[in-house]
1. Treating the angle as unsigned and between 0 and 90°, give the value, to the nearest 10°, between the Cα long axis of helix 131-143 and the longest Cα principal axis of the chain.
2. Which of M137, M67, M25 has the fewest other C-beta atoms within 10 Å, and how do the rest follow up to the most?
3. By how many degrees, 0 to 90 and rounded to 10, does the Cα axis of helix 33-47 deviate from the longest principal axis of the chain?
4. How large is ³J(HN,Hα), in whole Hz, for each residue of the stretch 10-19 in order, when computed from phi with the Karplus curve 6.51 cos²θ - 1.76 cosθ + 1.60 and θ = phi - 60°, using x for Gly and Pro?
5. Using the Cα atoms of the chain to build a convex hull, what is its mean projected area in square nanometres?
6. Length gain on complete extension for the stretch F141 to I64, per 0.36 nm per residue less the alpha carbon to alpha carbon distance?
7. If the elastic network links every pair of Cα atoms under 10 Å, which of E96, E12, E38 fluctuates the most in the Gaussian network model of the chain?
8. Keeping to pairs on different chains or 8 or more places apart, tell me how many lysine pairs in the stretch 3-143 have Cα atoms under 14 Å apart.
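What follows draws every value from the coordinates through simple rules; no lab data is involved. Because the structure is a prediction, the values reported are computed rather than measured. With ideal geometry, Cβ positions are generated from the backbone for all residues, glycine too; neighbour counts draw on all protein chains shown.
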Amino acid sequence: MLVFKDGKIVHEVQIRVTYKDTDKMGYSYYGNYPTYFEIARTEFLRELGLSYKKLEDDGFLLPIANMSIKYLKPAKYDDLLTVRTSYKKLHSVKVEFEYEIFNQNGEILNQASTLLVFVDVNSRKPIRAPEYYMNAMSRFFEQNKN
């Protein structure tokens with residue numbers, strides 16, 4: 001469920017750490033975190049009535065231009081993770097997300113951010129986001145201003 005908190009759109013999704021995702025120590029391999037963020041972004045957009053598939057079908061790609069990750073504690077095999085995704089400012093060409101990952105005990109394990117850019121599927125050059133994307137985001141911000 002999407003909520004508006006501290007001037008941001010916030011969404012949470014839960015992901016279970018599976019055995020295949022762990023290393024010899026039983027920790028979630030560090031390279032899995034970008035996948036957790038992708039799942040969280042996809043569900044965030046889906047909750048707003050948007051989808052990566054529709055964007056791609058309409059000629060838009062959203063590659064990651066920058067990612068920053070701070071590992072605080074390891075996630076372990078069978079942990080139930082909550083990935084909290086925040087979106088605070090509407091841009092016409094880029095999308096900035098912030099993430100926090102918590103374990104089932106409420107301990108923060110990870111903090112991260114990603115910057116994605118709308119790109120034309122043919123030219124691979126940055127372009128403005130589609131109008132329906134801008135409208136969905138603007139509508140949520142406007143409905144939750146106060």
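1. Tilt of helix 131-143: around 70 degrees.
2. M25, M67, M137
3. 40
4. 10, 9, 10, 9, 9, 9, 8, 6, 8, 4
5. Orientation-averaged projected area of the Cα hull: 9.2 nm².
6. Working: separation 77, 0.36 × 77 = 27.72 nm, distance 2.35 nm.
Stretched fully, the F141-I64 segment lengthens by 25.4 nm.
7. Maximum fluctuation in the GNM of the chain, among the listed residues, is at E38.
8. Step by step, the pairs that qualify in the stretch 3-143 add up to 7.
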